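Just below is one structure, and these are the notes that go with it.
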Amino acid sequence: MTLPKTTAELRALDAAHHLHPFSDTKALNEEGSRIIVKADGVWLTDSDGNRILDGMSGLWCVNVGYGREEIVEAVATQMRELPYYNTFFKTTHKPAIELAARLAELTPPQFNRVFFTGSGSESNDTVIKLVRRYFDIKEQPKKKIIISRRNAYHGSTVAAGSLGGMSPMHDQSAVIADVVHIAQPYFWGEARQGETPDEFGLRTARALESTIDALGEDRIAAFIAEPIQGAGGVIVPPASYWPEIARICRERDILFISDEVICGFGRTGSWFGCETFGTEPDILVMAKGITSGYMPLGGVMVADRVVDVLLQGGDFNHGYTYSGHPAACAAALANLDIMLREKLVERVANDVGPYLKAQWSTLAEHPLVGEAPMMGLVGALELTPDKIGRTKFADVGKVGTMARDFSFQNNLVMRAVRDRLIIAPPLVISHGEIDELVARARKTLDATHAEAKRLGWVN
Ligand SMILES: *Cc1c(COP(=O)(O)O)cnc(C)c1O
C-alpha cells in the first residue's frame with residue numbers, strides 16, 4: 001500500500017484508524033491532527049511545511065535535539081550485527097553490558113546496578129515489585145504501602161497509573177491497593193493565605209512523616225516522587241521541601257524512589273534531579289532522556305544496600321521481552337556520548353539554563369501570569385485572573401487549552417496542564433532560539449489575554 005500524500009488524506013486515514021493516547025479522539029477527528037513529518041535541532045516541520053519550535057522536546061525526551069546522525073548510525077550498526085536478543089536465560093549482549101556499566105558511572109555513587117525496561121511505566125511497575133520483594137526477603141512482609149503524591153505522574157499502566165496521583169486516570173481504571181497519596185508541594189496553587197514558601201514546603205514535606213505515623217512505619221515500604229512534578233504542571237517545590245523529605249527518609253525505615261524520567265539526564269542542570277535537590281534515593285527511575293527518545297528504553301537503578309538484599313532472594317520473577325533491547329541500548333550509548341562530549345549538562349547549568357530563566361522571568365510581569373518558575377530547562381506559566389489573590393479561573397482548563405492552541409498557531413509547542421503552560425525544550429537550544437521561544441510565548445499570552453477579556457473571563 002502506498003501512502004497518500006496530502007494532509008487531508010493523511011488526516012482522514014488517521015481519523016478512521018487511530019485511537020490517540022490521552023485524547024478525545026472523536027473531537028480530535030473533527031478538528032484533525034497536526035502531522036509532523038520531519039525535525040532537525042529544536043525545529044519540527046509539519047505536513048503543510050510549517051516550521052514549529054518544539055518547546056517540549058517531543059514528550060520531555062529529545063534532549064540532544066532531532067537529527068543526530070550519530071545515534072542513527074549506532075542503531076543501524078547494531079541492528080545489522082544483532083537486532084535482537086534477550087537478557088533472560090543466562091544470556092546477555094554487549095550493548096546492555098556497556099550501557100549498564102556507563103549508567104553505574106553516571107548515576108550517584110550508591111548506584112551500581114540497573115534493571116532494564118522499555119519505558120517509564122514499565123520501570124515503575126518494576127519498582128513496585130522490587131520494593132515488595134526487598135521487604136519480603138528482609139522478612140518484613142507487612143511493609144507494602146507506597147506513599148506517593150497527588151498530581152504526580154508515574155506512567156500509564158494500571159500499576160504506574162495507581163502510583164501516580166492523577167484523579168482523571170484513577171476515575172477510568174481500577175487502582176491497585178496499598179498506594180497512598182499525600183499533598184504536593186504546589187505553593188502557588190495550594191498554600192494558605194499568608195504562608196511563606198518555606199513554611200508551606202515544610203508543612204507539605206511533614207505530611208510524609210505524619211502519614212508514616214498514622215499508618216504505621218511497619219506497613220510503609222517506600223516514598224516515590226519526581227524531583228519536579230512534570231506532567232502535573234512543572235511543580236517546582238519551595239527550597240525547604242527536599243531537605244525535609246531527605247531528613248524524614250533518613251530517619252525512617254522506608255525506601256526513597258526518585259522518579260527521574262523527566263529530571264534525569266540533564267534537565268535540571270545536573271545529571272539527575274536528586275543531585276540538584278540534594279536527596280539520596282535508594283531507587284532511581286529512568287526513561288525518556290536516556291535515549292533522547294530515539295528508541296524506547298527505560299531502566300531502574302537500584303542502590304547497593306537494596307541489591308545486597310535482593311541478591312539473597314533467588315529468582316526475581318519479572319522481566320520484559322525488550323529488557324535491554326540491543327538497538328535501544330546502542331541509541332542510549334550514542335546519546336550519552338553526545339551529552340558528555342558536548343557537555344550538555346554543564347551547558348544547562350551555566351549557560352542556557354540561566355539565560356532562559358532570565359528571559360522567562362520577564363513573562364511573570366504579564367497581567368495573565370501568576371508565576372513563571374524555571375529550573376534548568378523546565379518551566380511553567382501559571383495563568384490567573386488575579387495575580388495578587390492567586391485565584392484560579394472558574395472553569396479550570398479552558399484558558400490553558402485556549403493558550404496552548406494559540407501557541408501552536410504561533411508555531412511554538414507548549415503544553416497546557418489545567419491553566420498552566422509548560423515547556424521543556426531540547427538541551428541544545430541556542431540563545432537565539434530561546435529569544436524566539438520567549439517572544440512566541442509572549443505573543444501567545446497577549447492573544448490569550450485579549451480573548452479572555454473578550455469572553456469576560458478577566459477584567
Ligand atoms: C513520562 C513519565 C513516566 C512514564 O514513562 P512512559 O515511557 O510514558 O511509560 C513516568 N514517570 C515520569 C516522571 C514521567 O514523566
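Could you check how many residues of region 396-429 are part of a loop (DSSP other than H, G, I, E, B), free of Cβ contacts under 8 Å to residues at least 60 places away in the same chain and out of contact with any Leu (no Cβ under 8 Å at 6 or more places or on another chain)?
Step one: filter region 396-429 for residues part of a loop (DSSP other than H, G, I, E, B), giving 396-397, 410-411, 414, 418-419, 424-429.
From what's left, free of Cβ contacts under 8 Å to residues at least 60 places away in the same chain: 396-397, 410, 419.
Narrowing the set further to residues that are out of contact with any Leu (no Cβ under 8 Å at 6 or more places or on another chain) leaves 396-397, 410.
Residues flagged as part of a loop (DSSP other than H, G, I, E, B), free of Cβ contacts under 8 Å to residues at least 60 places away in the same chain and out of contact with any Leu (no Cβ under 8 Å at 6 or more places or on another chain) within region 396-429 amount to 3.
Identify all residues within region 119-154 that are assigned to a loop (DSSP other than H, G, I, E, B), touching a residue at least 60 places away in the same chain (Cβ under 8 Å) and within 16 Å of the ligand (Cβ to nearest atom); write none if there are none. If you could, list the steps in order and put the result at the bottom.
Residues of region 119-154 that are assigned to a loop (DSSP other than H, G, I, E, B), as a first pass: 119, 138-144, 150-154.
From what is left, the residues that are touching a residue at least 60 places away in the same chain (Cβ under 8 Å) are 119, 138, 140, 142-144, 151-154.
If the condition is that a residue be assigned to a loop (DSSP other than H, G, I, E, B), touching a residue at least 60 places away in the same chain (Cβ under 8 Å) and within 16 Å of the ligand (Cβ to nearest atom), then 119, 151, 152, 153, 154 are the ones that fit.
Evaluated against (1) within 15 Å of the ligand (Cβ to nearest atom); (2) crowded, with 20+ Cβ neighbours inside 10 Å; (3) not small (Gly, Ala, Ser), residue 157 falls short on exactly one condition, (2). If you filter region 49-80 down to residues that are acidic (Asp, Glu) and either in contact (Cβ under 8 Å) with a residue 60 or more places away in the chain or in contact with a helix residue (DSSP H, G or I) (Cβ under 6 Å, 6 or more places away or on another chain) (or both), you find that the one that is farthest from residue 324 (Cα to Cα) is 54.
Condition test on residue 234, is it of a type in the set (A, V, I, L, M, F, W, C), within 16 Å of the ligand (Cβ to nearest atom) and either within 27 Å of residue 387 (Cβ to Cβ) or not assigned by TED's automatic domain parsing to the domain that holds residue 107 (or both)? Against the criterion (of a type in the set (A, V, I, L, M, F, W, C), within 16 Å of the ligand (Cβ to nearest atom) and either within 27 Å of residue 387 (Cβ to Cβ) or not assigned by TED's automatic domain parsing to the domain that holds residue 107 (or both)), residue 234 qualifies. Filtered by the rule that a residue be touching an Asp or Glu at 6+ places or on another chain (Cβ under 9 Å) and within 16 Å of the ligand (Cβ to nearest atom), region 237-265 gives 256, 257, 258, 259, 260, 261, 262, 263. For region 426-439, a residue qualifies if it is surrounded by fewer than 21 Cβ atoms within 10 Å (Cβ to Cβ) and in contact with a Gly (Cβ under 9 Å, 6 or more places away or on another chain), and the qualifying residues are 430, 433.
Where helices (runs of 4 or more DSSP H) fall entirely within region 271-373, those with at least 1 residues that are within 16 Å of the ligand (Cβ to nearest atom) and in contact with an Asp or Glu (Cβ under 6 Å, 6 or more places away or on another chain) are at 273-277.
The values are calculated or read from the model by the stated rules, or taken from the named source; none is laboratory data. Note that the structure is a prediction, hence the values are computed from the model and not measured. Cβ: placed from backbone, ideal geometry, glycine included. Neighbour counts: every protein chain shown.
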